[in-house]
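The values are calculated or read from the model by the stated rules, or taken from the named source; none is laboratory data. As the structure is a computational prediction, the values presented were derived from the model and not from experiment. Every residue, glycine among them, receives a Cβ derived from its backbone with ideal geometry; neighbour counts consider all protein chains shown. SASA here: full protein model, heavy atoms, side chains in, ligands and nucleic acids out. Shrake-Rupley method; radii C 1.70, N 1.55, O 1.52, S 1.80 Å.
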Amino acid sequence: MSELMIRTDGVELATQSFGDSAQPPLILIMGGMASMLWWPEEFCQRLAERGRFIIRYDQRDTGLSTKYPPGQPGYVFDDAVDDVFRVLDGYGISTAHIVGFSLGGMIGQVAALKNPERVLSLAAISTSPVGVDTSGLPASGEAWMEHMTMEADWSERADAVAYLVEDARLTAGTAHPFDEAGTRAFLERDFGRSGGYLSATNHSVLFEVGETWQGRLNEMTVPLLVVHGTADPVFAVEHGEALARAATDAKFVKIEGGGHEIHPGDWEQIISAIEQHAEGRTSAK
């Protein structure tokens, strides 16, 4: 694993890479309030072993990247999309495969629409279609929604970690037992690295996609893979199905019993699906 801090346009974006830079590049975009560590290191290494050059990065207001005062994000959704290409530019990469989880999947959708010439393929995991009326799709689970109404002190370690452990429990799937001890240990490490999660609450602005991208998914020319758990309590599996229907060139893979997570028990299925989807497409650096 190698680290690179990309400084451009007044922004610092912390990144890490895995594997051989001569291999086809694949960039990972994580979801809301989540640093790049939510892409587990072993997951990244396994992807790299499939002949890919893997890049993960901290979005603004997470991890070691630029942070803004709470309630004063210095960016909007399109800036998060452009950050994908800022990272690629920082590595001197012209085209890459994109994999996005949850909010990262939404950013990936717009990245593929905005600069299709730079996106070789897109894999969207546990996400919802951008620019589509989703009011007719199932709402998020009641228990998770109730948890979301609770206040947490994001600057205080014990409170923030306890809140997110419960969040992880409520968003877990049904196929595997919930690892509370492992989740708590990970969150302790993530909190310490980031210096707290208070600025990450600014990510609420990233769900304001804007009119520019409304009704545009049928224009997507980038091959799309949609991966979705059947027990996802945040975005029900119907959201993934709707995304696959909205695009013209899409494959859909169900994770039976999968939640809103990238569980180690599902890594092989997810990684194999990503590898097969990206297979046969080359990149230019």
| note | Going through segment 160-197 in order, the residues found to be under 16 Å from Gly265 (Cα atoms), surrounded by 16 or more Cβ atoms within 10 Å (Cβ to Cβ) and small (Gly, Ala, Ser) are Ala168, Ala172, Gly173, Ala175
| note | Among (1) over 21 Å from Arg46 (Cβ atoms); (2) open to solvent by 30 Å² or more (accessible area, probe 1.4 Å); (3) of a type outside the set (Val, Ile, Thr), Glu268 falls short only on (1)
| Filtered residue count, segment 4-33, keeping only those that are part of a loop (DSSP other than H, G, I, E, B), crowded, with 19+ Cβ neighbours inside 10 Å and without any contact (Cβ under 8 Å) to a residue 40 or more places away in the chain | 1
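May I ask you to say which residue of Val234, Val226, Val209 is under 16 Å from Gly104 (Cα atoms), in contact with a helix residue (DSSP H, G or I) (Cβ under 7 Å, 6 or more places away or on another chain), buried (at least 16 other Cβ atoms within 10 Å of the Cβ) and modelled with pLDDT under 95? First the steps, then the outcome.
Values: Val234 fails: modelled with pLDDT under 95; Val226 fails: modelled with pLDDT under 95.
None of the others qualify; the one that does is Val209.
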| request: Give segment 244-256 a look and list any residue that's more than 23 Å from Thr174 (Cα to Cα) and of a type outside the set (Ser, Thr, Tyr), or say none. | output: Ala244, Arg245, Ala246, Ala247, Asp249, Ala250, Lys251
| request: Could you run through segment 34-56 and say how many residues are without any contact (Cβ under 8 Å) to a residue 60 or more places away in the chain, open to solvent by 70 Å² or more (accessible area, probe 1.4 Å) and under 18 Å from Ile107 (Cβ atoms)? | output: 0
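For Asp78, indicate whether it is among the acidic types (Asp, Glu), in contact (Cβ under 8 Å) with a residue 60 or more places away in the chain and open to solvent by less than 30 Å² (accessible area, probe 1.4 Å). Walk me through how you get there before you give the answer.
Working: among the acidic types (Asp, Glu): yes; in contact (Cβ under 8 Å) with a residue 60 or more places away in the chain: yes; open to solvent by less than 30 Å² (accessible area, probe 1.4 Å): no.
Answer is no for this residue.
Each row is one residue, and each column tells you yes or no for (1) under 28 Å from Tyr91 (Cβ atoms); (2) not small (Gly, Ala, Ser).
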| site | (1), (2) |
| --- | --- |
| Tyr197 | yes, yes |
| Leu206 | yes, yes |
| Glu211 | no, yes |
| Glu219 | yes, yes |
| Pro223 | yes, yes |
| His228 | no, yes |
| Val237 | no, yes |
| Ala244 | no, no |
| Gly257 | no, no |
| said: With the requirement that a residue be farther than 21 Å from His263 by Cα, outside any loop (DSSP other than H, G, I, E, B) and either in contact with a Leu (Cβ under 7 Å, 6 or more places away or on another chain) or of a type in the set (Gly, Ala, Ser) (or both), what does segment 54-89 give you? | reply: Phe77, Ala80, Asp83, Arg86, Val87
| field | Hits in segment 107-122 (condition: open to solvent by 20 Å² or more (accessible area, probe 1.4 Å) and either assigned to a loop (DSSP other than H, G, I, E, B) or in contact (Cβ under 8 Å) with a residue 40 or more places away in the chain (or both)) | value | Leu113, Asn115, Pro116, Leu120
